[in-house]
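Here's the structure we're looking at; comments come further down.
Coordinate-derived values only; no laboratory data. For clarity, every value in this text was computed on a predicted model and none was experimentally measured. Positions of Cβ are generated from backbone atoms using ideal geometry, with glycine treated the same way; all protein chains shown enter the neighbour counts.
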Amino acid sequence: MHNDDDDRSAAKTVLASADGLRFVPRHHSVWAEKHRPKTIPECILPSALKAPLLNYVANGGGPHLLLVGPPGVGKSTVARAISNELRWHTLIVNGSLHASMNAMRGDISEFVTETPMFFYEPRHRCVVFDEADQMKPAVQVATHGWLEDYDWGCTFVFTTNHPDKIGAPIKSRCLRLDFDYETEPARSEMYEGFRKRLRQILTAEQVECSDRIIEDRLRRYWPDFRQVLNQLQMKVT
Ligand SMILES: Nc1ncnc2c1ncn2[C@@H]1O[C@H](COP(=O)(O)OP(=O)(O)OP(=O)(O)O)[C@@H](O)[C@H]1O
Ligand SMILES: [Mg+2]
């Protein structure tokens, strides 16, 4: 396994890639990655969504999760923030690229079922299936047994833009949380939250940007905060 990170006592987050597992790089230049919140309190979320997530972390976890919403609204960020706060040993799998039947029988299965080798390794595991709608039906079925058998030792988080493509058995075994920012008061809360967050990021990056440009990018790319950040970075750097 390739290691970008020498802090061996910390909980690890690994990515499934074509040539096996590798650690998630810690250093980023793209703002959207560099300023990805690391905890739930740091995430900008409507209070109706933030409250259950804060509870989830305060309780040390809970049911498997299905995080639903359009691109760039914070689903993967929330999945990583939970596992980071709870210091779970985490595997991130891209549903379209790496969730093949072979991977399910190989690296992913090993990750779910293996017991930690060293005392400093966190015992609880978490597998995040990003873009879970891209997982073929047979691959989705392969997770059903794990969802039931390993709930005490491994939490599964599925993120998706297309909940209709997630099979009913997965839906039934997960707590579904919708990242819907369109209805009030969520929309106003998020607008205000994103605006403040942008100001913090611009200050941290020590760049000037007018309120007019911030408002324009927020409106134009709403609710995709990743795209807002990408567009602002291109504009001001
Ligand atoms: N709710 C949020 N609070 C704070 N930052 C956010 C939020 N949503 C998105 N971002 C920013 O946008 C980036 C992309 O967000 P994220 O990867 O969580 O999107 P996503 O919902 O998983 O999208 P996709 O469906 O495309 O995978 C984050 O790294 C972060 O910088
Ligand atoms: Mg995502």
The answer for the net charge of residues other than His162 whose Cβ lies under 15 angstrom from its Cβ, with Lys and Arg +1 and Asp and Glu -1, is -1
The stretch 85-236, relative contact order [Cα under 8 Å, separation at least 6], %: 19
Gain on full stretching of the segment that runs from Arg220 to Asn55 - 0.36 nm per residue minus C-alpha separation: 56.1 nm
Mind checking the full-extension length gain between Glu184 and Leu97? Use 0.36 nm per residue of separation minus the Cα-Cα distance, one decimal, nm. 27.7 nm
Which whole-Hz couplings ³J(HN,Hα) result when phi for each residue of the stretch 206-215 is put into the Karplus expression 6.51 cos²θ - 1.76 cosθ + 1.60, θ = phi - 60°, listed in order with x for Gly and Pro? 6, 10, 8, 7, 6, 4, 4, 5, 4, 4
Sequence-distant or interchain residues sharing an amide H contact under 5 Å with Ile92, placed H: which? Val14, Leu15, Ala16, Val128
Residues with beta-carbon under 13 Å from that of Gly61, excluding Gly61: net charge, scoring Lys, Arg +1 and Asp, Glu -1? +1
0 to 90° range, to nearest 10: angle between helix 75-85 axis and the chain longest Cα axis: 70
Using r as the Cβ-Cβ distance of His162 and Gln227, and R0 as 22 Å, what FRET efficiency do you calculate, to the nearest 0.05? 0.75
Projected label distance in nm at His27 and Arg87, using a 7 Å step from Cα toward the beta-carbon: 2.7
Skipping prolines and chain starts, which residues have an amide H placed within reach, meaning under 5 Å, of the one on His124, given they are 5 or more residues away or on another chain? His89
Nearest 10 degrees, 0 to 90: what angle lies between the long axis of helix 47-58 and the longest principal axis of the chain (Cα atoms)? 40
Under Karplus coefficients 6.51, -1.76 and 1.60, residue-wise ³J(HN,Hα) of the stretch 185-195 in Hz, glycine/proline x: x, 4, 4, 5, 4, 6, 4, 5, x, 5, 4
Connecting every pair of Cα atoms under 10 Å apart in the chain and solving the GNM, the largest mean-square fluctuation among Arg87, Arg36, Arg220 falls on Arg220
Just to verify a number: FRET efficiency for Thr115 and Glu148, C-beta to C-beta distance, R0 = 25 Å, to 0.05? 0.85
Counting each pair of different Cα atoms once, what's the Kirkwood radius of the chain in Å, rounded to one decimal? 18.8
For Leu175, what residues show an amide H to amide H distance below 5 Å, using hydrogens built from the backbone and excluding near sequence neighbours? His64, Leu65, Leu66
Is it possible to state the helix-based mean residue ellipticity at 222 nm for the chain, with each DSSP H run of 4+ residues giving -39500 (n - 2.57), the sum divided by total residues, to the nearest 500 deg cm²/dmol? What is it? -12500 deg cm²/dmol
In order over the stretch 97-114: 3J(HN,Hα) from phi, Karplus 6.51/-1.76/1.60, θ = phi - 60°, whole Hz, x for each Gly or Pro, gives 8, 10, 8, 7, 4, 4, 5, 5, 7, x, 3, 5, 4, 4, 4, 5, 9, 6
